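*Asks:* Encoded as structure tokens, here's the structure I'll be asking about.
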Amino acid sequence: MVGKFESNKDLVQDLTETTATRVGNIASIITDAVKGVAREVGDLISDGLEMREATKKAQDDDTVD
């Protein structure tokens, strides 16, 4: 038969392991979200730069004509 102390120790150990696993999963979710947001912001900036360059080229073409 398992004593009260050992039973409590096992409970604390299980809770600690479960908590560590959950915190790790949450950290992974947050990391993936931050990466996704950074990628989308970078793509948005790239699109803006491409549009600016296209506008400048179109204006230059109109000036030549």
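The values are calculated or read from the model by the stated rules, or taken from the named source; none is laboratory data. Computed from a prediction, not measured in an experiment: that's the story for all the values here. Please note: Cβ atoms are built from the backbone with ideal geometry, for glycine as well, and neighbour counts cover all protein chains shown.
*Asks:* Look at D62 and say whether it is on the phi < 0 side of the Ramachandran plot, loosely packed, with under 10 Cβ neighbours inside 10 Å and over 12 Å from the mean Cα position of the chain (by Cα).
*Replies:* It is true that D62 is on the phi < 0 side of the Ramachandran plot, loosely packed, with under 10 Cβ neighbours inside 10 Å and over 12 Å from the mean Cα position of the chain (by Cα).
*Asks:* Please determine whether any residue of the range 46-56 is assigned to a helix (DSSP H, G or I), β-branched (V, I, T) and either surrounded by 10 or more Cβ atoms within 10 Å (Cβ to Cβ) or modelled with pLDDT under 95 (or both).
*Replies:* yes
*Asks:* Going by the structure shown, is D60 modelled with pLDDT of 95 or more and assigned to a helix (DSSP H, G or I)?
*Replies:* When the stated conditions are applied, D60 does not pass them.
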